[in-house]
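The values are calculated or read from the model by the stated rules, or taken from the named source; none is laboratory data. Fair warning: this is a prediction, and the values are worked out from it, not measured in the lab. Positions of Cβ are generated from backbone atoms using ideal geometry, with glycine treated the same way; all protein chains shown enter the neighbour counts.
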Amino acid sequence: MIKPCPPHPSATPSRLAALLAASLLALAPSIDAAEATAEGHTVRLLLVPVQEAKLSSPVAARIERIPLQESESFHRGQILVEFDCAVPRAELQKARAELSAAEKTHVANTKLQALSSISQLEVAVSAANRDKARAELALNQARVAQCQIRAPFDGRLVERLAHPHETVAIAQPLLEILDDASLKTELIVPSRWVTWLKPGTPFSALIDETGQQYPAKVTAIGARVDPASQSLKVTGQIQGSHPELLAGMSGVAQFDTPPQRP
């Protein structure tokens, strides 16, 4: 039979109490840090562009020019891609000539009808031919307009997915662009925050890559709570202009302690 070891002579009740108190004091910082992580109001965030797009080819043609290199800036309406459109432009000239001829024929037929020298049917046919020529002209104008891709917004070129002198197919991806003038933040917060988190709520964004804090505010609250994780998607907006910030950077969003509910 194993006998329990007798207590050490120095292990008096008062000494045991002192040792327990010292142990709790040593553990206190780690306990407080764990509680701050679990109960605090700090979550991870990601910077994403307000607008981004992947531009595809509207025509099957050979690329003549892509004036921008990756990471270069552009303005809305600036040409991003030009195609070799010699054939569509020639067809456009042909359509203009055919419309001119159809319009002159119809005018002449109208004058002849006033002199009772032509039937009403011939006048109607010439009017239909004129309208058809107008439609052909509009069609060819639309085709020529597709020979250039213009920027839909101010931004920067992220990636070139095709190169000059390549022949591309319709809907083939060509460029990836984004608007980096203003960046929004995406956060996943506990669903219980919905009781105090509202659009307009301010927070501080500490970005890992820059090591700096930026003022921000909540702009939108997600429409659905994820029942599995009991979390909610929140969108925010970095305030002011900060050229050093780039889409894809991440960091921490720090919210002030919310007001206590009565």
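Going by the structure shown, is Ala138 surrounded by 13 or more Cβ atoms within 10 Å (Cβ to Cβ), at pLDDT 95 or above and of a type outside the set (D, E, K, R)? No, not satisfied. The set of residues from the range 63-120 being basic (Lys, Arg) and closer than 15 Å to Arg143 by Cβ comprises Arg89, Lys94, Arg96. Do you know which of the residues in the range 197-216 that are surrounded by 15 or more Cβ atoms within 10 Å (Cβ to Cβ) and not hydroxyl-bearing (Ser, Thr, Tyr) is nearest to Gly240 (Cα to Cα)? Ranking the candidates gives Ala216 first.
Screening the candidates Glu122, Glu98, Glu82 for the property of being out of contact with any Phe, Trp or Tyr (no Cβ under 8 Å at 6 or more places or on another chain) and within 30 Å of Ile177 (Cβ to Cβ) yields one hit, Glu82. Total residues in the range 141-169 satisfying the condition of being closer than 24 Å to Asp180 by Cα and aliphatic (A, V, I, L, M): the figure is 6.
Would you confirm, using the coordinates I've provided, whether Leu139 is under 30 Å from Ala95 (Cβ atoms) and either touching a Phe, Trp or Tyr at 6+ places or on another chain (Cβ under 7 Å) or assigned to a strand (DSSP E or B) (or both)?
Values: under 30 Å from Ala95 (Cβ atoms): yes; either touching a Phe, Trp or Tyr at 6+ places or on another chain (Cβ under 7 Å) or assigned to a strand (DSSP E or B) (or both): no.
Judged against the criteria, Leu139 is not a match.
Considered as a group, the residues in the range 58-79 that are within 20 Å of the chain's Cα centre (by Cα) and small (Gly, Ala, Ser) include one that is farthest from Ile177 (Cα to Cα), and that residue is Gly77. Check the range 156-171 and report whether any residue there is in the same structural domain as Lys104 (by TED's automatic domain parsing), under 30 Å from Glu98 (Cβ atoms) and of a type in the set (Ser, Thr, Tyr). No, the conditions are met nowhere in the range 156-171. Based on this model, can you work out whether Gly211 counts as among the small types (Gly, Ala, Ser) and either at pLDDT 95 or above or assigned to a loop (DSSP other than H, G, I, E, B) (or both)? Considered against the rule, which asks whether it is among the small types (Gly, Ala, Ser) and either at pLDDT 95 or above or assigned to a loop (DSSP other than H, G, I, E, B) (or both), Gly211 comes out as yes.
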